[in-house]
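What follows is a short report on a single structure.
Each value in this text was obtained by applying a stated rule to the coordinates, not by laboratory testing. Bear in mind the structure is a predicted one, so any value in this text is a computation, not a measurement. Quick reminder, even Gly has a Cβ in these numbers, built from the backbone with ideal geometry, and neighbours come from all protein chains shown.
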Amino acid sequence: MTTIPPYPEGRNLLVNKTVVVTAAAGTGIGFAVAKRATEEGARVLISDFHERRLDAAADRIAAEAGTRPATFLCDVTRQDQVDALQCAAGAELGQVDVLINNAGLGGEVPVVDMTDDQWSRVLDVTLNSVFRMTRAFLPGMYTRKSGVIINNASVLGWRAQKGQTHYAAAKAGVMAFTRCSAVEAAEHGVRINAVAPSIAMHAFLAKVTTKDLLAKLSAQEAFGRPAEVWEVANVMIFLASDLSSYMTGEVISVSSQRA
């Protein structure tokens, strides 16, 4: 197992930019990228449908990064709430330069045991939300002829794992949606990319995943360890910044999995 590298210092990569992050409550990738965006100089609005955890996340970012992000409650499976988030972001931030679609839902269920509700719920949270959010925020970006959208996919969009048909199908859909929507958005000066993590360790994952499975998944990584959530967030920050100005329609694997 390799040593975890030191946490990066901010480099002002997102100064004068505004960022909206969905599913940013808790300890996962959404929280990590919201914190990193704040550290890189952006004005940030974070969203989730867990009110207590959302406020706690904003307080923690304020304590650790020095600036408290704005917050807005939103269930990304409901169009009315997505529209309300878009309006609130405009009122709070003036304009949205970067949208990070991080919402996702998994679970391990064999196909023969999977109900219609289980299938539909995972696709609604993980894939349909990306469509809804993108549709809501693109018009403003089109008008300004600038903007960036970053979607959170998964290596399971490419690779097989039993019990994950609904989640893998949704993440493969996120990848395809990213590529096709990027071609449309490029005509308006807007970039759309995605990251595909393999395994990123955080408290919630450790709570819902067995130690044996975590050990097995970690052993498949070339570095012999899961990613830190901020290591995934770093790639999102790169995609949000002007350093990636010629990249669109790409799905970047944030993984060291062995072939």
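List of remarks:
- Contact order normalised by residue count of region 130-259, Cα under 8 Å, 6+ apart, percent: 31
- A full extension of the chain between residue 91 and residue 77 corresponds to an added length of 2.8 nm, given 0.36 nm per residue minus the alpha carbon distance.
- Hydrodynamic analysis of region 112-172 uses the Kirkwood radius over alpha carbon pairs. Inserted into Stokes-Einstein at 4 °C and 1.567 mPa s, it gives a translational diffusion coefficient of 99 µm²/s.
- Cut-off 20 Å, label 7 Å out along Cα→Cβ of residue 15, residues of region 218-259 by amide N: 237-245
- Dipole magnitude for region 18-254: about 260 debye, using +1 per Lys or Arg Cβ and -1 per Asp or Glu Cβ, origin at the Cα centre.
- Protection proxy ranking of 136-142, 26-32 - average other beta-carbon atoms within 10 Å, highest first: 26-32, 136-142
- Pairs with C-alpha atoms separated by more than 25 Å, drawn from the list 35/216; 17/145; 35/145, are 35/216; 35/145.
- Amide H contacts under 5 Å for residue 253, placed H, 5+ residues apart: 196
- In terms of packing, defined here as the mean over residues of other Cβ atoms within 10 angstrom, the peptides 171-178, 213-220 line up highest first as 171-178, 213-220.
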